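Report on one structure; see the data block that follows.
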Amino acid sequence: MTAPTDLIWQSKTPATASWQQQLKTLIREPAELFARLDLQAEDMPAHLAACQDFALRVPSAFVDKMQRGDWNDPLLLQVLPQGAELLAQTGFVADPLEEQSSNPHPGLIHKYHGRVLLVVSGGCAINCRYCFRRHFPYEDNNPSRQEWQNALDYIAADNSISEVILSGGDPLVASDKQLAELVQRIAAIPHVHTLRVHSRLPLVIPERISDELVALLTGSRLQTVFVIHCNHPNELDERVQQAMAKLKAAGVTLLNQSVLLAHINDDSATLQALSEKLFAQGVLPYYLHVLDKVQGAAHFDVAEERAIALLAALRDRLPGYLVPKLVRELPNYGSKTPIPAF
Ligand SMILES: *Cc1c(COP(=O)(O)O)cnc(C)c1O
Ligand code: SF4
């Protein structure tokens, strides 16, 4: 006879499934997601037409952390297609950061002094409904070998660039082989001293943080910074903890950035719990972004006065090193803009 706890276990993705396997078996059908969560489609606040604009994609390991039977689960709300996405809202546009104009070569964004961002992979393991890249022309940003060469030549020719940020999409969707080659080639540019990775994969497919990956990210002369993207304390389970422990043991600086999202993390108790749980897993809060005004994401917006009040509440309750910087990203500025601005 099978004990009930075994049944629950069987409905989850085994943590032993390889990350490649987990990436191949993303949930893409709303009906499958709802069945996994015991949600009745007839009560559905979701709107399937929104999937045509931006597809549903969510790894099983992320669904494992959602509460069954709860349409308002804070992890579910991050991936659930909703009718509100289809409404045009004044001020919410397709390319709010005007990144297409700071794209000197396909796959390279040089917007900030000293730092360049390499779009390593156009794809992500998860489609976050609030993502400012939901309309980004990724097809033009899956660089060919020649384009890699051009991007690396660009970095090599500019002495002011000391940090290379691997971004996307999600850079860790790329293979270890591609990443290893890229890291080696970046490390060969003498004026670059820091390698930074911005990835959501540790939260959504924690097994991506394999020993091989950690070795290739930390095996060069470069100092490594890893910025995860976690919005809610429920995202931080034991599997994530193991991934963070591996990176930490290899000497990687671990930071987190979040997006402030209505109905998901826009209350001080949730934000406090997030900072504390991150710290318990060896990660320091870095940025709390207000939403980029991307078309289709207006229902996640939190008013600026409320954002400021939430930060004040965090400062009251937490040590300074657990209070993230509240920032906004504006087109054509040389850094993120603090809120309130100064
Ligand atoms: C946020 C960001 C960076 C890094 O900024 P930091 O303030 O150094 O974290 C670099 N490039 C782009 C395009 C960014 O959006
Ligand atoms: S770029 Fe980041 S926020 Fe956007 S969909 Fe991918 S994982 Fe989500």
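Residue check: ASP73 meets all listed conditions (1) open to solvent by 40 Å² or more (accessible area, probe 1.4 Å); (2) at pLDDT 95 or above; (3) among the acidic types (Asp, Glu) but one, namely (1). Given the conditions (1) in a helix (DSSP H, G or I); (2) within 16 Å of ligand 1 (Cβ to nearest atom); (3) open to solvent by 20 Å² or more (accessible area, probe 1.4 Å), report the number of the one that ILE186 does not fulfil. Failed condition: (3). Identify the residue in the stretch 243-265 that is away from ligand 1 (no atom under 16 Å from the Cβ) and under 18 Å from the mean Cα position of the chain (by Cα) and, among all such residues, is farthest from LYS336 (Cα to Cα). My answer is ALA243. Per the conditions (1) open to solvent by less than 40 Å² (accessible area, probe 1.4 Å); (2) outside any loop (DSSP other than H, G, I, E, B); (3) without any contact (Cβ under 8 Å) to a residue 40 or more places away in the chain, the sole criterion not satisfied by ALA245 is (1).
If you go through the stretch 201-231 and pick out every residue that is open to solvent by less than 40 Å² (accessible area, probe 1.4 Å) and over 19 Å from ASP170 (Cα atoms), you end up with 2. Among the listed residues LEU216, LEU201, which satisfies the condition of being touching a Leu at 6+ places or on another chain (Cβ under 9 Å), modelled with pLDDT of 95 or more and within 16 Å of ligand 2 (Cβ to nearest atom)? Every option except LEU201 fails the conditions.
Residues that are open to solvent by less than 50 Å² (accessible area, probe 1.4 Å) and farther than 21 Å from GLU98 by Cα within the stretch 300-319 comprise VAL302, ALA307, LEU310, LEU311, ALA312, ALA313, LEU314, LEU318, listed in sequence order. Per the listing ALA188, ALA151, the residue uniquely in contact with a Gly (Cβ under 6 Å, 6 or more places away or on another chain) and more than 16 Å from ligand 2 (Cβ to nearest atom) is ALA151.
The values are calculated or read from the model by the stated rules, or taken from the named source; none is laboratory data. Only a predicted model underlies this, so the values are computations on that prediction, with no experimental measurement involved. Neighbour counts are summed over all protein chains in view; Cβ atoms, including those assigned to glycine, are modelled from backbone coordinates with ideal geometry. Each accessible area value is taken on the protein alone, full model and side chains, heavy atoms only, with ligands, DNA and RNA left out. Shrake-Rupley method; radii C 1.70, N 1.55, O 1.52, S 1.80 Å.
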